[in-house]
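Heads up, the thing below is written out as structure tokens.
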Amino acid sequence: MHLRIYKIDDTEEIIKLFYDTVHEINIHDYTKAQVDAWASANTDIELWMKRLGDKLTYVAEEDNKIIGFGQLETNGHIDCFYCHKDFQRQGVGTQILEQIESKARSLEIKKLFTEASITAKPFFESKNFIVVRKQEVKRRGQKFINFVMEKLIF
């Protein structure tokens with residue numbers, strides 16, 4: 001596995017990874033209606049290209065297959081952070097997060113924060129993120145529980 005920066009040619013594969021992960025992994029913690037609202041089958045590829053290109057998006061790849069991705073914003077926010085459904089609990093997320101933390105340090109960012117799903121919360125807790133608050137968010141008419149989490153880095 002190796003990590004690299006997002007390329008525009010990655011977009012469709014990342015969208016599929018996102019959709020499959022939400023529908024096959026996050027479904028264990030959320031309802032069908034919630035995952036359908038979270039990761040719609042009708043995806044705007046142009047919007048994804050902009051979203052992926054506007055942030056520091058790191059891609060994990062193995063044998064020319066994208067197996068995870070994560071995003072860092074210059075304010076320390078970790079946005080999208082997903083591991084391929086077939087590569088869960090194999091160190092992919094750990095390596096992506098280590099890259100994000102390294103980049104954040106080089107940018108002199110002192111705090112990372114994210115809105116972790118119920119599914120992702122244990123991963124971030126294992127990496128020394130703390131829950132700031134539990135919250136309810138709304139997307140496409142569905143309410144979701146997630147957790148604002150943060151970690152101080154030096």
- prompt: Of all trypsin sites (Lys or Arg not before Pro) in the stretch 1-109, which ones are in loop regions per DSSP and have a Cβ with at most 14 other Cβ atoms within 10 Å?
  reply: LYS7, ARG89
task: Go through (1) 17.3, 55; (2) 17.5, 60; (3) 14.8, 41 and flag the label whose value is the computed Rg and Dmax of the Cα atoms in Å for this structure.
output: (3)
field: Relative contact order (%) - criterion: Cα under 8 Å, at least six apart; region: the stretch 2-109
entry: 29 percent
field: Distant-in-sequence amide H partners of CYS80 (H built 1.01 Å from N, under 5 Å)
entry: GLN71
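Every number in this text was worked out from the coordinates using simple rules, so none of it is lab data. Values in this document were obtained by computation on a predicted structure and should not be read as measured data. Cβ sites come from the backbone with ideal geometry, for glycine too, and all protein chains shown count toward neighbours.
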